[in-house]
Each structure stands twice: as structure tokens, then as C-alpha cells.
1. Has the stretch 208-215 got any residue that is modelled with pLDDT of 85 or more, exposed (fewer than 11 other Cβ atoms within 10 Å of the Cβ) and part of a helix (DSSP H, G or I)?
2. List every residue pair whose Cβ atoms lie under 7 Å apart, where the two residues are 6 or more positions apart in sequence or sit on different chains, the first residue falls within the stretch 228-246 and is surrounded by 13 or more Cβ atoms within 10 Å (Cβ to Cβ), and the second residue, located anywhere, is among the basic types (Lys, Arg).
3. When you look at Ile50, is it under 25 Å from Gln208 (Cα atoms), modelled with pLDDT of 90 or more and in the same structural domain as Ala98 (by TED's automatic domain parsing), yes or no?
4. Restrict the check to the stretch 36-46 and report whether at least one residue is surrounded by 15 or more Cβ atoms within 10 Å (Cβ to Cβ), touching a Ser or Thr at 6+ places or on another chain (Cβ under 6 Å) and modelled with pLDDT of 90 or more.
5. Could you tell me whether the stretch 286-293 includes any residue that is over 20 Å from the mean Cα position of the chain (by Cα), modelled with pLDDT of 95 or more and buried (at least 16 other Cβ atoms within 10 Å of the Cβ)?
6. What about Ala359, is it within 25 Å of Gln186 (Cα to Cα) and in the same structural domain as Ile307 (by TED's automatic domain parsing)?
7. Within the stretch 251-303, track down each residue that is of a type outside the set (S, T, N, Q) and part of a loop (DSSP other than H, G, I, E, B).
8. Any idea which of (1) hydrophobic (A, V, I, L, M, F, W, C); (2) surrounded by fewer than 16 Cβ atoms within 10 Å (Cβ to Cβ); (3) modelled with pLDDT of 80 or more is the one Ile155 doesn't satisfy?
Amino acid sequence: MKKILVIEDEEPLREDILETLECLEYEGIAAENGVIGVKLAQEHLPDLIICDIMMPELDGYGVFTSLRTHPQTATIPFIFLSAKADKSDLRQGMNLGADDYLTKPFTIADLSEAISAQIQKREVIEDQANQKLDELRTNISRSLPHEFRTPLQGILSLSEIVLSDYDLLDSKTMRNMLYEINNSAQRLSKLIHNFMLYAELEVIATDQERVAELRSNQTFTPETLIKYLASIKFQKAERVADLHLNLQDAIIQISEQDLQKVIEEIIDNSLKFSSAGTPIYIESSLKDSKYILSVLNYGQGMTQDQIAKVGAYMQFDRKLYEQQGSGLGLQIAKRLTELHDGSLTIYSNPGKDTKVEIALPIFQE
């Protein structure tokens, strides 16, 4: 049975609404003022809140604002009640983010329709969230066992050879094996880190306080950071001659640590899916209070369908290409930019080129 919290200081109306809810087969919870209403909402976590605006101590706007600052109550559907029919009053409630608005006096049919609409809306949102969660679980179950097993098998098999044939191996062979063991361990370590990071980002996305904390950070010299990371990545890939930089500087609204992760994943993706000897252009510019960073490579490219499906644990054309990876890199970069009120966009011509473009807010004094 759905729970509905009624916050109304006029006892007769409050009792009438509770009686109506009972007839409609909802569980009603009553609060005679805003302070008690906030407390009951946090205790019972109702499926819907119906709240009067004009109340002593804490009015309806105060109740709404208070509940929206707490993750557990931030998404509960909210219907305002008011004796006023002033458009400015209606606008204020809707600007705050209320879901609906009823003007007193209202009929049982009005109340029933408003409640039904919000309950159905919440159910649709929950169904969509569950569908995405199921999709994520499926992708994890399909890809993670393979992703973990491949580097782990390399570590186990090579280390067993080293242990069993230690006295027979020359120093060069030993060094090569140790290099491969280390390479597999690094890959496994990154996979575990990315898996944990992605899970953490999904949790942060549901907590407005943590999102606000993320957006309060700045990077003061992104140009220096991008040059440094690009230099390391291209040297390791032995593709220094392929790197072309054209960068501008600005103070942007993201921590240096998070920006580094975004840059690393985008550069890794460009190096992985393009051939040595083909150029990669890394450029930045300032536009409409945004810092625009783009990475362009001339590699295998992506179809529009593949771009639309960029998501966790999806890797396209796995059988056609030897590159390993869980497909989490771009999704993590995308999620990080979105959490910082930015965006990540992919432009691609299959078989020709791919450009990944991120836009992040510029710090405003």
C-alpha cells in the first residue's frame, strides 16, 4: 500500500484528505505543521507528500526546500496545497521543483487524479531505473569474468614458468616474463579501480550534497596537466610524433584529480583505436563559459548506433579487434563530466576518424 504524507495545519481539511486517502486505498500519515512534516517524511519515506503552503513555524516552501536537501527525501513527489490562486504563488512552487499544485477548495476527483498521476510517474521512473540497473548487471556478469580472468591467467601462467624454470631462464627471458607479469597486473589493477570508481560515481549521482561538493573544486592550469599527461601517454605508446597540441588555459570547475582521469581515458581510447603513424590532435578552446577539450584520432571510428550505446561494460566489435578492456573508460569520463555540469560528445565517421569532445564550466568569480 502506497504511503502518502499530508502536511496541513487546518484539522478539518487534514481529516477530510486522510479519509479520502483511505477510500482510495492509500495509507495516510498526518502532520499538523511543517516541522513535524519534515520529521515524519524522514522517518517514513512516503511515496508522495501533499503539503499546504501557508503554515506557521515552517511554511510549505520551507518544507519542500528542507526535504530536497536530503538524499533520502529529495525525489519524493510533492504536491502543494494553497488557498491562493495567484499565478506568482503557483510559479514560486513550480520554480522550486514541485510536481503538482492544487488550489483550495478542490474536489475528491481533483485530489485523486493528482495523486494517481504522481504515483504513476514515480513508478515509471522506478521501472526505468530498475531496467538500467538490470542492464548494468547483465553487462557486468557478461564482461567482468572474462576481463578479470585474462590478465589474471597471464600473471599465473608466467609466474608458474618463472618459479618452475628459474635456473634455466636467461636474464633477457626472465626480464621479458617479469615485464609481461607486471603489465598484466597493471591491467588488472586498472580494471578493479575503474569498476570501483564507476560504482562510486553512480552512488554520488544520487546525492546532491556530494555532487555540489564535486562541483566546488577547480583546476587552475589545465593546459599544463594536459601537456604532461599527453607526453607520458604518447611516450609509453612510442607515438610521440603523432601528438599535436593546441591548448588554451582557464580555471575550470573540476578537481585536478577528476580532470586527470577524464583526460587519461580519452587519450587511452584514441591511442588504442588508431594506428601508429596517424596523427592525434588534442585541442582546447573557450566558448559560452565552457572549456572545450577535444581529442581527434584517425582510426576505426564508431557508428551512430555504437555512439548512442556508449555505456558501462560495453565494448564494440570485440571479435574484430584485439584491444582489451571492459569499455568503462569512456563511460567514466562521460559520467565525471556530467557530474561536474559538463558534457561528453562523440563525433565519428566509421573507418575514418573519431573526435571526443568534453565541455566543462569555466570558474566564474
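1. Yes: one or more hits.
2. Once the first residue is surrounded by 13 or more Cβ atoms within 10 Å (Cβ to Cβ) and sits in the stretch 228-246, its partners that are among the basic types (Lys, Arg) give Leu245/Lys227.
3. yes
4. Checked against the condition, which is being surrounded by 15 or more Cβ atoms within 10 Å (Cβ to Cβ), touching a Ser or Thr at 6+ places or on another chain (Cβ under 6 Å) and modelled with pLDDT of 90 or more, the stretch 36-46 yields at least one hit.
5. no
6. Spelling it out, it is not the case that Ala359 is within 25 Å of Gln186 (Cα to Cα) and in the same structural domain as Ile307 (by TED's automatic domain parsing).
7. Of all residues in the stretch 251-303, those of a type outside the set (S, T, N, Q) come to 251-252, 254, 256, 258-259, 261-268, 271-273, 276-277, 279-283, 286-288, 290-293, 295-296, 298-299, 301-302.
The answer is Ile251, Ile254, Phe273, Ala276, Gly277, Pro279, Asp288, Tyr298, Gly301, Met302.
8. The single condition Ile155 does not satisfy is (2).
The values are calculated or read from the model by the stated rules, or taken from the named source; none is laboratory data. This structure is a prediction, so every number in the text was calculated from the model and none was measured. Cβ coordinates were reconstructed from backbone atoms using ideal geometry, including for glycine residues, and neighbour counts include every protein chain displayed.
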